[in-house]
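*Asks:* Structure in structure tokens, see below.
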Amino acid sequence: MQATVTDHRSDVAVLHLRGELDADTSDQLRSTLAELLQRPVPRIVVDLTDLKFCDSVGLSAFITAKQVIADRGGWLSFAGPNPFLLRLLETVGLSRYFAIFPEVEDAIAAAQL
């Protein structure tokens, strides 16, 4: 899995994930999220467009991060999941816990409301 971050506006970071997120690659995700959590009010859009697979270890990294983010008044949302990932998020109940948008731009626009 590859993880890159781009900033949109001064307060929204987009975390672009590519490849497969599983037990072998989750440490990289946790490290990247830890850096983003250093921001005073973390606002993160996770771009899932190029993520092909995610297992429970990857999902747990997002859940842990969301708890820290919420405590700081920020948010974390998902954008662009493929049908497999969308079904996974819905099946495990995370679609009620995270906002999910079709495109990164939609998630950023929602952040401005």
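The values are calculated or read from the model by the stated rules, or taken from the named source; none is laboratory data. Please read these numbers as outputs of a predicted model, since none were measured by experiment. Neighbour counts run over all protein chains shown; Cβ positions are idealised from the backbone, glycine included.
*Asks:* Criterion first (surrounded by 15 or more Cβ atoms within 10 Å (Cβ to Cβ) and in contact with a Phe, Trp or Tyr (Cβ under 6 Å, 6 or more places away or on another chain)) does Val14 satisfy it?
*Replies:* no
*Asks:* When you go through Asp47, Asp22 one by one, which is the residue that is touching a His at 6+ places or on another chain (Cβ under 6 Å), surrounded by 13 or more Cβ atoms within 10 Å (Cβ to Cβ) and within 17 Å of Leu89 (Cα to Cα)?
*Replies:* The match here is Asp47.
*Asks:* Give segment 61-97 a look and list any residue that's within 16 Å of Leu48 (Cβ to Cβ) and surrounded by fewer than 16 Cβ atoms within 10 Å (Cβ to Cβ), or say none.
*Replies:* Listed by number, the residues that qualify are Ile63, Asn82, Pro83, Phe84, Arg87, Glu90, Thr91, Val92, Tyr97.
*Asks:* Can you tell me which of Arg43, Arg30 is within 19 Å of Ala109 (Cβ to Cβ) and among the basic types (Lys, Arg)?
*Replies:* Unique residue meeting the criteria: Arg43.
*Asks:* So Lys52 clears everything in (1) free of Cβ contacts under 8 Å to residues at least 12 places away in the same chain; (2) within 21 Å of Arg30 (Cβ to Cβ); (3) not small (Gly, Ala, Ser) except one condition, right? Which one?
*Replies:* Lys52 satisfies all of (1) free of Cβ contacts under 8 Å to residues at least 12 places away in the same chain; (2) within 21 Å of Arg30 (Cβ to Cβ); (3) not small (Gly, Ala, Ser) except (1).
*Asks:* Name the single residue that is nearest to the chain's Cα centre (by Cα) among those in segment 68-104 being free of Cβ contacts under 8 Å to residues at least 24 places away in the same chain and closer than 16 Å to Leu15 by Cα.
*Replies:* The residue in question is Ile100.
*Asks:* Give the residue that is surrounded by the fewest Cβ atoms within 10 Å (Cβ to Cβ), with candidates limited to residues of segment 100-113 that are part of a helix (DSSP H, G or I) and charged (D, E, K, R).
*Replies:* So, considering only residues that are part of a helix (DSSP H, G or I) and charged (D, E, K, R), the one surrounded by the fewest Cβ atoms within 10 Å (Cβ to Cβ) is Glu105.
*Asks:* Among (1) modelled with pLDDT of 95 or more; (2) within 23 Å of His8 (Cβ to Cβ), where does Lys52 come up short?
*Replies:* Every listed condition holds for Lys52 apart from (2).
*Asks:* Which of the residues belonging to segment 1-10 are within 14 Å of Val46 (Cα to Cα) and either modelled with pLDDT of 95 or more or loosely packed, with under 15 Cβ neighbours inside 10 Å (or both)?
*Replies:* Selection gives Gln2, Thr4, Val5, Thr6, Asp7.
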